[in-house]
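Engineer: First the structure, then my questions, so here it is.
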Amino acid sequence: MEPRYVVILAAGMGTRMKSDVHKVLHKICGRTMVEHVLTQVSQVQPKKIITVVGHDAQAVKDTLGDRTEYVDQPEQLGTGHAVLQTAPVLADKHGVTLVVSGDTPLLTAATFNKLLQYHTEKGAKATILTATAPDPTGYGRIIRNDLGIVERIVEQKDTNHEEAAIQEINTGVYCFDNQALFEALRQVKNNNAQGEYYLTDVISIIRQAGGIIAAYRMKDFEESMGVNDRVALANATKVMQHRINTEFMMAGVSMIDPDTTYIDVGAKIGQDTIIEPGVQIQGNTTIGSHCVVGAHSLLIDATIEDNVKITSSTIEHAIMRKGSDIGPHSHLRPQADIGEDVHIGNFCEVKNATLGARTKMGHLSYVGDATLGTDINIGCGVVFVNYDGVKKWHSKVGDKAFIGSNSNVVAPVDIADHSFIAAGSTITKDLPYHAMGIARARQVNKDNYWDKLPLSQSDEWK
């Protein structure tokens, strides 16, 4: 196999996005568009990947890191000019160079490999990736002769009536014999309305030099979608989401309504898990098997083990262990670790805290910066008071403790095993083993209170 090289074009500003964010850095299903492209081209086994950067160059470099080499295009003078910037790195190489745009996030490694294989089989000097567009308006048209051989690419503005009816379009992806590419690039002129050097001109230059020009027509037009504005970004997201959801369903995950289920690239879900409508699964979330993720739940970088039930809740940077359940309308914040068979009910919040196995937290409670043991009962309205205005403090609760409703646990305190906190208490001191903590005002009953009030006041309050 000839050596392979890849050039990713990511220098353009993308003004039609109307954004402060570089076009290729807009995200689709959790990853930037240029990351999607880089991930796929990496799978064709290239010797080098070079990304051409210009606008927001540092932001692109920070996103892609050392997965690619970089060349700068200080002035954006067209796609041909962009590829020419790679000459110091690639011009003396022998092999095949794949050129792809950083705003085509739906293209797959399988398509790139087929394109490269077709290029080799045809003995071509240049091969264009084409597709059949239901509506080709705005795309360059592929002009073939009677034998089906590619003669040229005609841009939309230059088509006549017959050419405008052609549905085979240029996707903007090419592979070239590397030596032929750079020889032709040096001959490209900028005598056009934009004053730019176009990569498409390389095709006619190579053909005039006697080189074979081929075109590989891909089956799925949607895969070739380039993103130039927010409408295209939304459409590309739908295609990617359908692709992700289909893959999970084929692997044994049930989705009640795939059209309203949003899952990022990189998420993992075990078989026989049920995903209800409106669920968002973001980042590097892992979900085990036989789970239920209830409607409108949000999971961000969460770890969910087997047999977990989540009902309309938010879980971010947290873990739920086997057999636990949560919700509705509860929130696990970062570093929450929920043990096996733990029950967290409605309107609860846990942050930077561990709840041991079989602990129960029914409703309307907050646990933050604490370590709780096993088999603890947390009553309604319990608050772990962890912040003194300057520092967060940590509390510890032992196994089989009971925390009565409407209690405040003021950190730092150590609540021992089998201890009991009476409802309505504010605990500020350590509680020893098997002890009961009561910290509340004593109730005072006043007999015949109403009879002792002046008549007018008694009538008013009654």
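Bear in mind that the values in this text are calculations on the coordinates, not laboratory data. Worth saying up front: this structure is predicted, and the values here are computed from it rather than measured. Don't worry about glycine lacking a Cβ; one is built from the backbone with ideal geometry, like all the others, and counts go over all protein chains shown.
Engineer: From the helices alone, meaning DSSP H stretches of at least four residues, give me the mean residue ellipticity at 222 nm for the chain, per-run term -39500 (n - 2.57), in deg cm²/dmol to the nearest 500.
Structural biologist: Working: 11 runs with 92 residues, N = 462.
Rounded to the nearest 500, it is -5500 deg cm²/dmol.
Engineer: Using the Kirkwood radius over Cα pairs, work out the Stokes-Einstein diffusion coefficient for region 217-270 at 37 °C and 0.692 mPa s, in µm²/s as a whole number.
Structural biologist: Numbers: Rh = 12.4 Å.
Answer, rounded: 264 µm²/s.
Engineer: Mind putting a number on the dipole of region 266-373 about its Cα centre? Charges go on the C-beta only, +1 for Lys and Arg and -1 for Asp and Glu, and I need it in Debye to the nearest 20.
Structural biologist: It works out to roughly 100 debye.
Engineer: Can you list the residues, at least 5 places off or on another chain, whose amide H is less than 5 Å from the amide H of ARG31, using H built in the peptide plane?
Structural biologist: VAL265
Engineer: Continuing with this model, one more query. Hand me the GluC sites (Glu not before Pro) from region 39-139 located in a DSSP loop with no more than 16 other Cβ atoms within 10 Å, in residue order please.
Structural biologist: Taking region 39-139 and a limit of 16 other Cβ atoms within 10 Å, the loop GluC sites (Glu not before Pro) found are GLU75.
Engineer: Going toward the positive end of the dipole of region 298-426, with +1 on Lys and Arg Cβ and -1 on Asp and Glu Cβ, which of MET320, LEU355, PHE420 do you reach last?
Structural biologist: PHE420
Engineer: Counting C-alpha atoms alone, how compact is region 166-296: give Rg to one decimal and Dmax as a whole number, in angstrom.
Structural biologist: Every Cα atom of region 166-296 included, Rg and Dmax give 22.2, 63 Å.
Engineer: Using Cα centres only, tell me the gap between region 193-239 and region 135-186 in whole Å.
Structural biologist: Cα centroid to Cα centroid, the span is 8 Å.
Engineer: Taking a ≥ b ≥ c as the square roots of the Cα gyration tensor eigenvalues, with a/c under 1.5 meaning rounded and otherwise prolate when a/b beats b/c, else oblate, which class fits region 301-387?
Structural biologist: Since a/c stays below 1.5, the shape of region 301-387 is classed as rounded.
Engineer: If I model a spin label as a point 7 Å beyond the Cα along the Cα-Cβ vector, how far apart are those points for GLU69 and TYR387 in nm?
Structural biologist: Once both label points are built, they end up 5.0 nm from each other.
Engineer: Among THR63, ALA87, GLN76, pick out the residue whose Cα is farthest towards the positive end of the charge dipole of region 46-91, where Lys and Arg carry +1 and Asp and Glu carry -1 on C-beta, about the Cα centre.
Structural biologist: Towards the positive end, the residue furthest out is ALA87.
Engineer: A further question on this structure: Over the chain, what is the relative contact order in whole percent, taking alpha-carbon pairs under 8 Å and six or more residues apart?
Structural biologist: Relative contact order, the chain: 8 percent.
Engineer: Please list, ordered by chain and number, the residues whose modelled amide H lies under 5 Å from the amide H of HIS363; skip anything fewer than 5 residues away on the same chain.
Structural biologist: GLY345, GLY381
Engineer: Residue by residue, what Karplus-based ³J(HN,Hα) values in Hz, rounded to whole numbers, does region 333-340 have, using 6.51, -1.76 and 1.60 with θ = phi - 60° and x for Gly and Pro?
Structural biologist: 8, x, 6, 7, 10, 9, x, 5
Engineer: Tell me the net charge near VAL202. Cut-off is 14 Å between Cβ atoms, VAL202 excluded, with +1 for each Lys or Arg and -1 for each Asp or Glu.
Structural biologist: Working: positive: LYS125, ARG152, ARG186, LYS189, ARG207; negative: ASP177, GLU183, GLU196, ASP201.
Summing Lys and Arg as +1 and Asp and Glu as -1 gives +1.
Engineer: If you don't mind, there's one more thing I want to ask. Can you list, largest first and rounded to whole Å, the semi-axes you get for region 232-373 by taking the square root of 5 times each eigenvalue of its Cα gyration tensor?
Structural biologist: 27, 14, 12
Engineer: In nm, to one decimal, how far is the modelled label at THR159 from the one at ASP92, with both set 7 Å along Cα→Cβ?
Structural biologist: 4.4
Engineer: Under the Karplus relation 6.51 cos²θ - 1.76 cosθ + 1.60, θ = phi - 60°, what is the ordered set of whole-Hz ³J(HN,Hα) values for region 133-149, x standing for Gly and Pro?
Structural biologist: Running phi through 6.51 cos²θ - 1.76 cosθ + 1.60 with θ = phi - 60° gives 9, x, 10, x, 3, x, 9, x, 9, 8, 9, 10, 8, 4, 8, x, 7 Hz.
Engineer: With just the Cα atoms defining each centre, how far is region 9-39 from region 303-348? Give it in Å.
Structural biologist: 34
Engineer: Note the direction-averaged projected area, equal to a quarter of the hull surface, for the Cα convex hull of region 88-215, in nm².
Structural biologist: 8.8
Engineer: A further question follows. Once a ≥ b ≥ c are taken as the square roots of the eigenvalues of the Cα gyration tensor of region 1-56, is the result rounded (a/c under 1.5), prolate (a/b larger than b/c) or oblate (a/b not larger than b/c)?
Structural biologist: Oblate.
Engineer: Pull out the extension gain between THR108 and GLN443, defined as 0.36 nm times the separation in residues minus the alpha carbon to alpha carbon distance; nm, one decimal.
Structural biologist: Contour length minus the Cα-Cα distance gives 113.4 nm.
Engineer: Roughly speaking, what is the centre-to-centre gap between region 380-419 and region 54-93 when only Cα atoms are used, to the nearest Å?
Structural biologist: One Cα centre to the other: 56 Å.
Engineer: Where Rh is the Kirkwood radius over the Cα pairs of the chain, the temperature 25 °C and the viscosity 0.890 mPa s, what D in µm²/s does Stokes-Einstein return? Intermediate results must be reported in sequence, preceding the final value.
Structural biologist: On the way: Rh = 26.5 Å.
Roughly 93 µm²/s, to the nearest whole number.
Engineer: Still on this structure, please answer the following. Rg and Dmax of region 38-111, Cα atoms, in Å?
Structural biologist: Rg and Dmax of region 38-111, Cα atoms, are 12.4, 33 Å.
Engineer: Then there is this: Step through the residues of region 59-67 one at a time and calculate ³J(HN,Hα) from phi using the Karplus curve (6.51 cos²θ - 1.76 cosθ + 1.60, θ = phi - 60°), rounding each to whole Hz and writing x for Gly and Pro.
Structural biologist: After applying 6.51 cos²θ - 1.76 cosθ + 1.60, I find 5, 5, 5, 5, 6, 8, x, 8, 6 Hz.
Engineer: What dipole magnitude, in Debye to the nearest 20, does region 18-131 give about its Cα centre under +1 on Lys/Arg Cβ and -1 on Asp/Glu Cβ?
Structural biologist: Roughly 400 debye, rounded to the nearest 20.
Engineer: Which is farthest toward the positive dipole end of region 1-117 among THR104, LEU115, VAL6, measuring Cα position about the Cα centre, with Cβ charges +1 (Lys, Arg) and -1 (Asp, Glu)?
Structural biologist: Farthest along the dipole direction, towards plus: LEU115.
Engineer: How would you classify region 387-440 from its alpha-carbon gyration tensor, with a ≥ b ≥ c the square roots of the eigenvalues: rounded for a/c under 1.5, else prolate if a/b is greater than b/c, otherwise oblate? Walk me through the numbers before you get to the answer.
Structural biologist: Values: a/c = 2.26, a/b = 1.42, b/c = 1.59.
Verdict is oblate for region 387-440.
Engineer: Hey, got the dipole for the chain? About the Cα centre, +1 on K and R Cβ, -1 on D and E Cβ, debye to the nearest 20?
Structural biologist: Charge dipole of the chain: 460 debye, to the nearest 20.
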